[in-house]
Amino acid sequence: MSRLVSLYPAPWRARYEDEFLAVLESRPLTLRDRLDVVAGALDARWHPQVHGPERIPDRIGYLSLAGFALFWAGIGVAATGPIRFDEYGSYRDGGTAVPFLLASVVLLSIGLARIVARLPSTARLTAVAGILAMIAGPVWAVAPWHFPVAMVFIVGLGCLAVGARSAGIMSTGAVVVLGLGVVVPLGLMSASLVVPWYALRTAEVSAVVLIAPLSLVWLVIARTLLHGSERTPVVSSV
Amino acid sequence: MGSALPGWGRHAEPSLLILISLSDGPKHGYAIMSDAEAVGGRRVGAGTLYAALARLESQGLIAPLPDDGSRRRPYRLTAEGAASLTSQLENLRHLADTGLDRLEGAPG
């Protein structure tokens, strides 16, 4: 039952959760009642009647959005690079995409730095994980063949997201989307190494299937920053 | 009824039932729901009830009584709520009177 109530937005739950649960517990719930609660949760999200504390958006989130655009520009440049020939055959030269990808990851790291800065002082391990991700990201962009660097970036990013969730900086949904953005490409990449899944090894399919979900990371960081933090009440001294 | 709660759509009827339920004194959520079902003649889900209740509270038509530590928080009708309820019921009475008059005057 409390899982159903968790569908409601946080400000609504802060105001009504206790009494709402008391009403739900007062009689057996039918399927129709459960659907009614889900509809109520959607209504509370689309037409919020209860508003939380005022939030201050962090405009650095726009840099993460710019990073998202640069990331896709880099993918576009890489996918349309010139065909080169060498003694092993032909390949598409995506070298000109590196500046785009590097810039996009640097912008992402700036966003990550803002999230690290908002962590409570007790979340030291999360902060270290975030800093490692901030450093590993740009290195990975320049040297994408270094799998350990990729792992440091991904694991650091994951730890930062989970820690930020615990600190109330990131929503559960944001962590799930970020996790999908990282796990789906990694899973498919690993699968393509084990299973003879040749379609995934072509550059064009890789770009869409493996890299597209990764771009969700930029969107999640941008959303987290632009969603902002709660405004601290100011006590005026007279 | 629609003129008193413009734009409330499917929440207008449960809102009216809540206002009617609170018109004879404060009640908590479950009591409102049971009363609304008795008056309206059909089951009112908790999701629907609280969607309407949150609207009524945000519009100042109902207000919670001070928190006494109980999970069952009672609500009361405000002066604005009483005025809105009166207006809605008068509209409904006018509607019913008009319909009944026409039925009585109809040939056959």
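Just so you know, all these numbers are worked out from the coordinates, no wet-lab data involved. Since this is a predicted model, take the numbers as computed values, not measurements. Every residue, glycine among them, receives a Cβ derived from its backbone with ideal geometry; neighbour counts consider all protein chains shown.
So which trypsin sites (Lys or Arg not before Pro) in region B:18-108 pass both tests, a DSSP loop state and at most 14 other Cβ atoms within 10 Å of the Cβ?
Filter output for region B:18-108: B:Arg42, B:Arg43, B:Arg71.
Specify, per residue and in Å³, the volume enclosed by the convex hull of the alpha carbon atoms belonging to region A:74-129.
92 Å³
Mind ordering A:216-223, A:3-10, B:9-16 by average Cβ neighbours within 10 Å, highest first?
A:216-223, B:9-16, A:3-10
Can you list the trypsin sites (Lys or Arg not before Pro) in region A:14-84 that are in a DSSP coil and have 16 or fewer other beta carbons within 10 angstrom?
A:Arg59
Show that you can apply the helix-only estimate: for chain A, add -39,500 (n - 2.57) for every DSSP H stretch of four or more residues, divide by all residues, and state [θ] at 222 nm to the nearest 500.
Only helices count here, giving -21000 deg cm²/dmol.
Would you work out the relative contact order for chain B, in percent, from Cα pairs under 8 angstrom that are 6 or more residues apart?
It comes to 32 percent, rounded to a whole number.
Just to confirm the number: angle between the C-alpha axis of helix B:29-40 and the first principal axis of chain B, 0 to 90 degrees, nearest 10?
10 degrees
For chain B, modelled as a GNM with alpha-carbon contacts under 10 angstrom, which of B:Thr48, B:Thr78, B:Thr98 fluctuates the most?
Comparing B:Thr48, B:Thr78, B:Thr98 in the GNM, the peak value goes to B:Thr98.
Hey, in the GNM for chain A with a 10 angstrom Cα cutoff, which one of A:Ile83, A:Ile154, A:Ile110 fluctuates hardest?
A:Ile83
With each run of n ≥ 4 DSSP H residues scored as -39500 (n - 2.57), what mean residue ellipticity at 222 nm is computed for chain B after dividing by its residue count and rounding to the nearest 500 deg cm²/dmol?
Helix contribution divided over all residues of chain B: -19500 deg cm²/dmol.
Return one number: the angle in degrees, 0 to 90 and rounded to the nearest 10, between the long axis of the Cα atoms of helix A:172-194 and the longest principal axis of the Cα atoms of chain A.
Once rounded, one gets 30 degrees.
Give me the number: length gained by fully extending A:Ala167 to A:Ser90, i.e. 0.36 nm times residue separation minus the C-alpha to C-alpha distance, one decimal in nm.
22.7 nm
With the calculation restricted to Cα positions, what are the radius of gyration and Dmax of region A:2-46 in angstrom?
According to the Cα coordinates of region A:2-46, Rg and Dmax are 10.0, 28 Å.
Out of A:Ala103, A:Ala22, A:Ala73, any idea which swings most in a Gaussian network model of chain A, alpha carbons joined below 10 Å?
Looking only at A:Ala103, A:Ala22, A:Ala73, the biggest GNM fluctuation is shown by A:Ala22.
Could you compute the longest span of chain A free of GluC sites (Glu not before Pro) located in DSSP loops and having at most 10 other Cβ atoms within 10 Å, not counting the site residues?
A:88-238
Determine, from the Cβ-Cβ distance of A:Leu31 and B:Glu37 and an R0 of 25 Å, the FRET efficiency 1/(1 + (r/R0)^6), rounded to the nearest 0.05.
0.90
Under a 5 Å amide H to amide H cut-off, with H placed in plane at 1.01 Å, what residues pair with B:Ile62 once short-range neighbours are removed?
It is B:Glu57, B:Thr78, by chain and number.
Report ³J(HN,Hα) in whole Hz for each residue of region B:77-85, in order, from the Karplus equation J = 6.51 cos²θ - 1.76 cosθ + 1.60 where θ = phi - 60°; Gly and Pro get x.
7, 8, 4, 5, x, 5, 5, 5, 5
Label B:Leu103 and B:Ala79 with points 7 Å out from Cα along Cα→Cβ: what is the distance between them in nm?
That separation, rounded to one decimal, is 3.9 nm.
Report, in degrees rounded to the nearest 10, the 0 to 90 angle that the Cα long axis of helix B:12-22 makes with the longest principal axis of chain B.
Roughly 70 degrees, rounded to the nearest 10.
Over chain A, what is the relative contact order in whole percent, taking alpha-carbon pairs under 8 Å and six or more residues apart?
Answer for chain A is 23 percent.
Kirkwood hydrodynamic radius of the protein assembly as shown from all distinct Cα pairs, in Å?
This gives a value of 24.6 Å.
Just in region A:72-127: which chymotrypsin sites (Phe, Trp or Tyr not before Pro) are loop by DSSP and have at most 13 other Cβ atoms within 10 Å?
Listed in order of number, the matching sites are A:Tyr88.
Provide, as a two-decimal number, the C-alpha radius of gyration of region B:9-105 over 2.2 N^0.38 Å, N being how many residues it has.
Its radius of gyration relative to the 2.2 N^0.38 Å reference: 1.18.
Rounded if a/c is under 1.5, else prolate if a/b beats b/c, else oblate: with a ≥ b ≥ c from the C-alpha gyration tensor eigenvalues square-rooted, which is region A:56-229?
It is prolate, given that a/c is not under 1.5 and a/b is the larger ratio.
Is the shape of region A:1-146 rounded, prolate or oblate, going by the alpha carbon gyration tensor and its root eigenvalues a ≥ b ≥ c, with a/c under 1.5 for rounded and a/b larger than b/c for prolate?
Prolate, because a/c is 1.5 or more and a/b exceeds b/c.
Can you give me the pair-distance distribution of region A:104-180, C-alpha pairs, 10 Å bins, whole percents?
All Cα pairs considered, the percentages come to 22, 53, 23, 2.
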